[in-house]
1. Look through the stretch 846-870, keep the residues that are outside any strand (DSSP E or B) and under 34 Å from the mean Cα position of the chain (by Cα), and return whichever of them is farthest from residue 810 (Cα to Cα).
2. Being within 20 Å of the chain's Cα centre (by Cα), modelled with pLDDT of 95 or more and either crowded, with 22+ Cβ neighbours inside 10 Å or farther than 26 Å from residue 598 by Cβ (or both) narrows it down to one residue among 497, 518, 546; which is it?
3. Which of (1) crowded, with 16+ Cβ neighbours inside 10 Å; (2) touching a residue at least 40 places away in the same chain (Cβ under 8 Å); (3) under 25 Å from the mean Cα position of the chain (by Cα) does residue 711 not meet, given it meets every other one?
4. Those residues that are touching a strand residue (DSSP E or B) at 6+ places or on another chain (Cβ under 8 Å), touching a residue at least 60 places away in the same chain (Cβ under 8 Å) and not in a helix (DSSP H, G or I), I need them from the stretch 655-700; list them, please.
5. I'd like to know if the stretch 564-572 contains one or more residues that are closer than 28 Å to residue 378 by Cα, touching a residue at least 12 places away in the same chain (Cβ under 8 Å), under 23 Å from the mean Cα position of the chain (by Cα) and not in a loop (DSSP other than H, G, I, E, B).
6. Could you count how many residues in the stretch 340-381 are in a loop (DSSP other than H, G, I, E, B), without any contact (Cβ under 8 Å) to a residue 60 or more places away in the chain and crowded, with 22+ Cβ neighbours inside 10 Å?
7. Being in contact (Cβ under 8 Å) with a residue 24 or more places away in the chain, in a loop (DSSP other than H, G, I, E, B) and within 21 Å of the chain's Cα centre (by Cα) is true for just one of 761, 744, 777, 703. Which residue is that?
8. Just checking, does the stretch 457-477 include any residue being assigned to a helix (DSSP H, G or I), within 30 Å of residue 521 (Cβ to Cβ), without any contact (Cβ under 8 Å) to a residue 60 or more places away in the chain and in contact with a helix residue (DSSP H, G or I) (Cβ under 7 Å, 6 or more places away or on another chain)?
């Protein structure tokens, strides 16, 4: 009977996973008591007063009482290294302690020196480097200045709110508010009252408004299926952006609905200044935006009549269900500065293993171990590279993680060996729900040692997910983390090897029979914290535990973990993808802005399921998806269990040829990708970037999100329209900025819009003039087989006939690079001479060498080139023009990349 029930549940879940999003399963702001309450506040009626008589000033911070009648709060403003201010508000005498996220920050931020500028009975002014903050007492307001220019205002609209916990109320609704204080809870409470999502502590919501004078656009708040610039929300119109990690399949596009991840950071931008705000809170959060990009009719009328220009302004209103106010003002002044300030708080992606940047092949599910082996053999037979095979939930023994199906995967070690002998790896899925089955060792251990999340009455919480009845590991308990780390050991997870890596899915957490398909908010975690306090951080706690499990299992190799649920700081432990997308053109198009916003939120290692997870793409869509996805950091094909098989070798020759070309182009650029991730770890810049990031003064790029920059040297424009023969591409930088089509090497100037002919064989990718890009152009079956292959340097000259670039080289897998076992090489081209030198005093004993130079936009009349190095004091090299003299090729320098050299054209 139990097995039949589980089978029926699986069928039901699979059906739901193919029906599209049911918006009725998910709250609107109006159905959320705290959002409705805070959103209903009247602007300009702030009752909060900063008590300057209680002011205390230290070298790094200012503290004072923040009063609302007889309610006393503790306010702190701290200067943080890197031109950041931290705003904290907590109860002065709390009845209950409030939760602050434990995993998001990479460590306690380092404070910096501030100085007192001026003090009066009404205000206080302090300075930190070139920034200034003016604190107004009544009504409470903070004004932030950069170089004497006002760039942000906190509580300028008077929407600051801090609800205090109260003693237990007899009558509370689903969120713990007194029922008499709730206006018509409506259908939501009726539909979900059976989940007993009560909170006896009473209301505890917090809210804060921030205005950004002069800003034209605002970006951030991943993850949403929306465009890059955030839209205006408002009562009676678009719901606020919701940050509440949820399992939403076939999610809507152009929507502010919550998805799998929640990164509460925004960046307000104008050509003059960029400033950000990181809201350090892991509870359910709603964010209202009043964005000048959507226009202000009244301001337009005033401008037209008066001939004057009204300054733009963007308003943001953060509203969270619980926790305390802990916000970081990122003072910029450029997009680059603001993003680096954010990652200085939450961390960067550690350098990944080289193979992770190659192509990944997945579906739900490969039938058995022979199927996996056959798929790889077919990639080889069709000269298509692949590095990683993935296994979804069907590899397990009855959905019990850390086990193998004894029939379909009876010899996983043999299957894994078949992969690793050809340079491939395996990734398997491990979710946080644990099957409640007697005799299953993980379940028995969790029960015996109290590792599970609890109900409010102290009993173990039970929900339904893929295995049927399940309980969920409590990753807030140190003992649970230690136990979980050991589950990944080769002794416990038998059949695995050091070349097996991990996919953490369904960790929002997903609970099929839970409120909004997730865990009830009144569940209890270690420390007494309710799930409502930690919800958006739960997936990060899961991935944190997995990361350290892999570190313990294989301490000499960098972990690789894909996670669906994510929060600020996830980038330190795992990578993400855009979840259960659909095989249609709109979902292809949205993959660029979704990943760009993730990159602004610190999570550069992002991708989208190639071809779409749900449904079956036609061959045109599939080809365009491959062409676009090779320019996203994570490059994986994945599909639903009910879709037709779509491995790229299954199609007609013309389709295979186009996909093969895309795959090879990705593999050729792996050295460039790898270098970018080294630079990301070292300097904190995102790996992929929106155009406004690199061209902040160009107002024409503010809304461009169908293009992205890979580093600062490659621009890709997604083709997400069927049957097109021309595509409009915006090329930035002005007439002296050069862009070279990487297929025919045609030169374009950065003068704006260009209509470019396309065919199914044509994608739109450009090298920026002034760049030197290292490639490996010899086709191989997998990236490890490319390890000793030579490099071709593509030297794209700018309008002054100069270029430069970098190449990073190490062993591609270990942590030896932290002990200076690497090469970081700077290439420079000037005065018709290419030079190479090491940036750092390090070494790595590679045998890789330079095979060719391909110079784009070359000088005329070159007859040859001369190589000079320690090994080759004077060697003449052959040169030739091609592609209508658009490129000059210098053949076989043969010099090692470890060696300093120069090549002079003559």
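1. Looking at residues that are outside any strand (DSSP E or B) and under 34 Å from the mean Cα position of the chain (by Cα), I get 848.
2. When all the criteria are applied, what remains is 546.
3. That leaves (2) as the condition not met.
4. Within the stretch 655-700, 669, 687, 688, 689, 690, 696, 698 meet the criteria.
5. no
6. Selection size over the stretch 340-381: 1.
7. That would be 703, the only listed residue that is in contact (Cβ under 8 Å) with a residue 24 or more places away in the chain, in a loop (DSSP other than H, G, I, E, B) and within 21 Å of the chain's Cα centre (by Cα).
8. No, there is no match, as no residue in the stretch 457-477 is assigned to a helix (DSSP H, G or I), within 30 Å of residue 521 (Cβ to Cβ), without any contact (Cβ under 8 Å) to a residue 60 or more places away in the chain and in contact with a helix residue (DSSP H, G or I) (Cβ under 7 Å, 6 or more places away or on another chain).
The values are calculated or read from the model by the stated rules, or taken from the named source; none is laboratory data. Since the model is a prediction, treat every value here as computed from it, not as a measurement. Methodologically, a virtual Cβ is constructed for each residue, glycine included, from the backbone with ideal geometry; neighbour enumeration extends over all protein chains shown.
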